[in-house]
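Data block below; observations after.
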Amino acid sequence: MNRLKVLQAWLWCVSLWPCWLSHAVPLDCKDETGSLTQCTSISQEKLLDRVIQHAELIYRVSEESCTLFEDMFIPYPLHALRNQGGNLCHTKPFPIPGSKSEIQQISDKWLLHSVLMLVQSWMEPLIYLQTTLSRYDDAPDALLNKTKWVSDKLLSLEQGVLVLIRKMLDEGILTSSSIFEHTLTPYNEQSPEVLESILRDYNLLICFKKDAHKMETFLKLLKCRQSNKLSCLSY
């Protein structure tokens, strides 16, 4: 009986650790005027650590959201789409390295700008996804909450990356407006058909999970380079 209580307590702690961590290492850089000044007083090393922790949490929750959506709405024969989703992502044409060899060759500057490009490219699609999921009759609250949480954290991640660009590249504070324009077709109640709509949303979740992993990988590689390790080839 004691073992069961310990296990239950452990599972409860694990389920709450993203919330605790997000409160322990806040990344809200904007002050009351909207200026990104609150992170400028943080050391570059600590700010990079906070940014990486946010990226890790975003990737973890994106995995959970994708799995939850798959279990709820995707028939098992269509689970293979998870491996094919990368070919349909709206970020595929972006000039962002994909292979390990390409990633190792790019500069710190391009690593940061690649992260910023990915972060900003997902602002609108995640809001769009929240809208479509809210129209599902049986979408669990957990899925809706995770999507909203990720969308909020992505804004914080963007703020942190913008300040990092200033600190590490001495480029001055950039605006948080998108560095390119990308729009999705607005939700239409009559089109597409239900299955098509579900598969489209599933693809969005798959693509976001892939890009969230890229953000985390790029930032960890940057951290590795900053720490002067002999080899960062594992990223």
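The values are calculated or read from the model by the stated rules, or taken from the named source; none is laboratory data. Quick caveat, the model's predicted, so the values are computed rather than measured. Cβ atoms come from the backbone with ideal geometry, glycine included; neighbour counts cover every protein chain shown.
Data overview
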| read-out | value |
| --- | --- |
| Residue pairs meeting the criteria (Cβ under 9 Å; at least 6 apart or on separate chains; first of a type in the set (Ser, Thr, Tyr), in region 209-223; second modelled with pLDDT under 95) | Thr217/Ile103; Thr217/Tyr235 |
| Members of region 173-209 that are at pLDDT below 50 and under 29 Å from Lys109 (Cα atoms) | Ile173, Leu174, Thr175, Ser176, Ser177, Ser178, Ile179, Phe180, Glu181, His182, Thr183, Leu184 |
| Contacts under 6 angstrom Cβ, first residue in region 81-97 being over 21 Å from Trp110 (Cβ atoms), partner at pLDDT 65 or above, 6 or more apart | Arg82/Ile206; Gly85/Asn203; Gly85/Ile206; Gly85/Cys207; Leu88/Asn203 |
| Test: residue in region 135-146 that is modelled with pLDDT of 90 or more and in contact with a His (Cβ under 7 Å, 6 or more places away or on another chain) | no |
